[in-house]
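The values are calculated or read from the model by the stated rules, or taken from the named source; none is laboratory data. Remember, it's a predicted structure, so these values are computed and weren't measured experimentally. Here Cβ is always computed from backbone atoms with ideal geometry, including for glycine, and neighbour counts include all displayed protein chains.
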Amino acid sequence: MAQTVLICDDAIFMRTMIGDILTQAGFQIVGEAETGLQAVDKYRALKPDLVTMDIVMPDMGGIDAVREIVKEHPDAKVLMCSAMGQQALVIEAIQAGARDFVVKPFQPSRVLEAVQRVLG
Amino acid sequence: MELSQYGELFLSESREHVSAINDLLLKLEAAPASREPVEGVFRSVHTIKGMSATMGYTRVADLAHQMEELLERLRKGKGAVDGALTDLLFESADALEQSIEIAVEEVESEGPEISELLARLRAAAEDTAESDTGGVEMRLRVVVSPGSALPAVRAFMTIRAAREIGAVSEIDPPEEALLTSAFAGTLHFQLRTERAPAEVEAALRAVGEIDEVEIGAGGAEDVARGVEGSGVAGPTGSARARNIRVDLRRLDALMNQIGELVIIRGRLQRLAELRDAPELEETVDRAARLISELQDEIMQARMVPVGQVFDRFPRLVRDAARTLDKQVDLLIEGKEIEFDRSMLDEIGDPIVHLLRNSLDHGIESPRERRAAGKPPGGMLRLTAARERSQVVIRVEDDGRGIQRERIVERAVAQGLVARDSMTALGDEEIFQLLTRPGFSTAREVTDVSGRGVGLDVVATRVRALGGILEIASRAGEGTSFTLRLPLTLAIVRALLVKLGTETYALPMAHVSETVEITAEEIRSVKGCSVAVLRDEVVPLLSLSSLLRCGADDPARRLRTAVVLERGEHRMGVEVDELVGQQEIVVKSFDATAETLQFFSGATILSDGRPALILDVGSLLAQGSAAEAVAA
């Protein structure tokens, strides 16, 4: 059975791109979120196998969302998506509980490698 | 005892080491397997032991020695660090701090009873001797793939992965550097673990984007060498800027003097203008510029990063959270923002109160939070930021927020406002009611925040520094307290006078003398009052008529006057009463010249009430006008 993914990013363009990469690799996208708050709610409802999380989002940023999700679901597997040059923020995200990261613009091979590491 | 001259130095050095010890113990508590904090605490305790023994403070030296014994065992990898052990170390650090302060006061006999603590430390050290943690020391060299977009993050993740399987130390480049500077790609560190090398390599490669993992043997000797060699280094051991220690009182004195110079500069400029001597004006201008530059340099010398004060908060919050049985994460941002030293001293306590307030009344217990759908751990965030010419310090929590209704009820009950007018007030204004003296809506005054420093004192302090306290809150979601403070202060010595019920401030630089005159000594010349002081006739104006407030009491026999002087102009200003002299902080305000003609600024007096600062220039102008008429 395909593994389920929740995609969190405030840009439709980014959500579509990641969605396409993952769908082609055999994953099932079960939900999308535009804000950190939505991400936390949807995780609770869907309990996906994997979450991709953008760092900068309105209404609670990605790092806070990761923190909340991991507090409630310590086994959550979150992959952080960051723009270039956000080193300190990515470190903060890892400290908050994200398991790995990818940097935009995405290369499908890199994304899939990172996803494999996150899923273990 | 000739050693007493070193008392100050011992005290300041020891305090730095105690602060470092607290920081490191917090780190150790968060990551019990890590070695670096143990090394750091060991070094600091060792240094304190040496210094106190030299000074003859035997109690401090004994305690430091016992702590050192325990830390020595832990350093060697004997004994695991658990909650009970970190608690013991925290307690010992506190006792050490207290003993140091008492020793310097030279009342050693009144120190805290530490024999019981010493016994416990001895027992803990002996316990560790039994449990020798096994494992092998390895030297690791890890190369991150050059193609990685964020190699420093991979390095950070590598260290994290290593910590999961053993004790990590000797990290090069140091962890803090990974956050801020560029990472070249190669990471070195020491690992003590019971896992086989193959397992270690697999664990590190699982981080991703790792090209090479090289494992070498040993390294314990380097550790020992590191300790001895760095005996002279400072508590943090990082690169030190070229600094000297300056007594704070010197900087304060410089501040006062520059304040006076600034006022005299004004006088000189005025005098030069009047003389109509271009050479003099030019020279005075140059002097004025130099004085401005000097003022800037002195202000800069007094600037200090807020981190100095913020550093003691993590420990404070941890202790308070444990007392209250609450879980909380304290996030601190903006430690490097700089602030005037004396302002920093002043805001420390108010911030502590706000933090305790949030912990006590804001953040709910883990059970309450879960019931409210929140994560069990609360978030407390302290940030400092620069905004143009202000420093903005914010304390926010994600707790239960402020209940507007409770405040309204209380205010109505206290008769402060009528209920109907309350609905018209915005949230911010309602919240500001909390800063009124005696207004606390807390059900009980707890151990933690009930020290008598209420929100009203916080607000008064902030205002006295020329700042504002803003309160925002969303019921059920959290509260934030924002302090907006000016970067620097202007401190001026002033004479406080009273007119009716109002107090005004007169900058001392222009006050020549104060006199008491009998009604007989006041003459009237062409309708203007003058006073005869010794051989001089001085126009006498009454402040109440100038400001058009208060009333002149003609029946009064004895009158009080302040004689103002600038250059050749002298005049007397009659007031009701002299209050005294005080150093005041000058805060300028926005007011058009016509509306507040005689005032140059405002200040908050030590009793918390505002006072306007009189502008001597405009008063003297009135005096000159009167003189001209009378002449």
>> I'd like to check something: does segment A:39-49 contain any residue that is crowded, with 20+ Cβ neighbours inside 10 Å and within 12 Å of another protein chain (Cβ to nearest Cβ)?
In response: yes
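Here is a yes/no grid of residues against (1) assigned to a strand (DSSP E or B); (2) touching a helix residue (DSSP H, G or I) at 6+ places or on another chain (Cβ under 8 Å):
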| position | (1), (2) |
| --- | --- |
| B:GLU293 | no, no |
| B:ASP296 | no, no |
| B:GLN300 | no, no |
| B:VAL309 | no, yes |
| B:PRO314 | no, yes |
| B:ARG318 | no, yes |
| B:THR323 | no, no |
| B:LEU330 | yes, yes |
| B:GLU336 | no, yes |
> If you check every pair at least six apart or on different chains, which have Cβ atoms under 8 Å apart with a residue in segment A:92-120 that is farther than 20 Å from A:LYS71 by Cα first and a residue that is buried (at least 17 other Cβ atoms within 10 Å of the Cβ) and of a type in the set (Ser, Thr, Tyr) second?
Replying inline: A:VAL102/A:SER82; A:VAL103/A:SER82; A:LYS104/A:SER82
> Which pairs do you get when a residue that is over 25 Å from B:VAL458 (Cβ atoms), found in segment B:476-505, comes within reach of a residue that is at pLDDT below 85 and aromatic (Phe, Trp, Tyr), reach meaning Cβ atoms under 9 angstrom, with the pair 6+ apart or on two chains?
Replying inline: B:TYR504/B:PHE599
> What is the residue count in segment B:168-188 for residues that are over 18 Å from B:ALA30 (Cβ atoms) and at pLDDT 80 or above?
Replying inline: 9
>> Just to be sure before I move on: is B:GLU336 within 14 Å of chain A (Cβ to nearest Cβ), farther than 25 Å from A:VAL66 by Cβ and surrounded by fewer than 18 Cβ atoms within 10 Å (Cβ to Cβ) in the structure I sent?
In response: yes
> If you check B:LEU88, B:LEU118, which single one turns out to be touching a residue at least 40 places away in the same chain (Cβ under 8 Å) and part of a helix (DSSP H, G or I)?
Replying inline: B:LEU118
>> Let me confirm something: among A:PHE101, A:PHE106, which residue is over 16 Å from A:LEU6 (Cβ atoms), crowded, with 20+ Cβ neighbours inside 10 Å, touching a helix residue (DSSP H, G or I) at 6+ places or on another chain (Cβ under 9 Å) and within 11 Å of chain B (Cβ to nearest Cβ)?
In response: A:PHE101
>> Can you go through A:ALA96, A:ALA76, A:ALA65 and tell me which one is crowded, with 18+ Cβ neighbours inside 10 Å and within 11 Å of another protein chain (Cβ to nearest Cβ)?
In response: A:ALA96
>> Which of the numbered conditions does B:ASP345 fail, given that it passes all the others? Conditions: (1) under 16 Å from the mean Cα position of the chain (by Cα); (2) modelled with pLDDT of 85 or more.
In response: (2)
> What residue, among those in segment B:168-193 that are part of a strand (DSSP E or B) and among the β-branched types (Val, Ile, Thr), is surrounded by the fewest Cβ atoms within 10 Å (Cβ to Cβ)?
Replying inline: B:THR186
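Conditions (1) polar (S, T, N, Q); (2) touching a residue at least 24 places away in the same chain (Cβ under 8 Å); (3) under 27 Å from B:GLU137 (Cα atoms), marked per residue:
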| position | (1), (2), (3) |
| --- | --- |
| B:GLY79 | no, yes, yes |
| B:ALA84 | no, no, yes |
| B:ALA95 | no, yes, no |
| B:GLN98 | yes, no, no |
>> If a residue must be within 14 Å of another protein chain (Cβ to nearest Cβ), in contact with a helix residue (DSSP H, G or I) (Cβ under 9 Å, 6 or more places away or on another chain) and closer than 21 Å to A:ASP100 by Cβ, how many such residues does segment B:163-184 contain?
In response: 5
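Okay, residues lined up against (1) within 14 Å of chain A (Cβ to nearest Cβ); (2) of a type in the set (A, V, I, L, M, F, W, C); (3) surrounded by 20 or more Cβ atoms within 10 Å (Cβ to Cβ):
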{"residue": "B:ARG322", "(1), (2), (3)": "no, no, no"}
{"residue": "B:GLN327", "(1), (2), (3)": "yes, no, no"}
{"residue": "B:ILE332", "(1), (2), (3)": "yes, yes, no"}
{"residue": "B:VAL352", "(1), (2), (3)": "no, yes, yes"}
{"residue": "B:ARG370", "(1), (2), (3)": "yes, no, no"}
{"residue": "B:LYS374", "(1), (2), (3)": "yes, no, yes"}
{"residue": "B:GLY377", "(1), (2), (3)": "yes, no, no"}
{"residue": "B:LEU382", "(1), (2), (3)": "no, yes, yes"}
>> Cβ contacts < 7 Å: first residue over 12 Å from B:ILE351 (Cβ atoms) and outside any helix (DSSP H, G or I), restricted to segment B:457-468; second residue of a type in the set (D, E, K, R) and at pLDDT 75 or above, any location; separation 6+ or different chain. Result?
In response: B:LEU465/B:GLU346; B:GLY467/B:ARG484; B:ILE468/B:ARG484
> Considering segment A:20-61 alone, what residues qualify as being assigned to a loop (DSSP other than H, G, I, E, B) and closer than 17 Å to A:GLN3 by Cβ?
Replying inline: A:ALA25, A:GLY26, A:PHE27, A:LYS47, A:PRO48, A:ASP49
> Just checking, which of B:ARG245, B:ARG240 is modelled with pLDDT of 70 or more and either in a helix (DSSP H, G or I) or charged (D, E, K, R) (or both)?
Replying inline: B:ARG245
> Of the residues A:ASP20, A:ASP54, which single one is among the charged types (D, E, K, R) and either surrounded by fewer than 18 Cβ atoms within 10 Å (Cβ to Cβ) or at pLDDT 95 or above (or both)?
Replying inline: A:ASP20
> Is it the case that segment A:15-37 has a residue that's within 12 Å of chain B (Cβ to nearest Cβ), under 21 Å from B:ALA155 (Cβ atoms) and out of contact with any Lys or Arg (no Cβ under 6 Å at 6 or more places or on another chain)?
Replying inline: no
>> Of the conditions (1) out of contact with any helix residue (DSSP H, G or I) (no Cβ under 8 Å at 6 or more places or on another chain); (2) part of a helix (DSSP H, G or I), B:PRO350 satisfies every one except a single condition; which number is it?
In response: (1)
> In segment A:38-97, how many residues are among the charged types (D, E, K, R), touching a strand residue (DSSP E or B) at 6+ places or on another chain (Cβ under 6 Å) and over 23 Å from A:GLU113 (Cβ atoms)?
Replying inline: 1
> Which of (1) within 14 Å of chain B (Cβ to nearest Cβ); (2) modelled with pLDDT under 90; (3) assigned to a helix (DSSP H, G or I); (4) surrounded by fewer than 18 Cβ atoms within 10 Å (Cβ to Cβ) is the odd one out, the single condition A:LEU89 does not satisfy?
Replying inline: (4)
> Here are B:ALA129, B:ALA125, B:ALA119: which of them is at pLDDT below 80, at negative phi and either touching a helix residue (DSSP H, G or I) at 6+ places or on another chain (Cβ under 6 Å) or surrounded by fewer than 16 Cβ atoms within 10 Å (Cβ to Cβ) (or both)?
Replying inline: B:ALA129
> Restricting to segment B:12-64, what's the tally of residues that are part of a loop (DSSP other than H, G, I, E, B) and of a type in the set (Gly, Ala, Ser)?
Replying inline: 4
> Does segment B:188-210 hold any residues that are away from every other protein chain (no Cβ under 14 Å) and touching a residue at least 40 places away in the same chain (Cβ under 8 Å), and which are they?
Replying inline: B:HIS188, B:PHE189, B:GLN190, B:LEU191, B:ARG192, B:THR193, B:GLU194, B:PRO197, B:VAL200
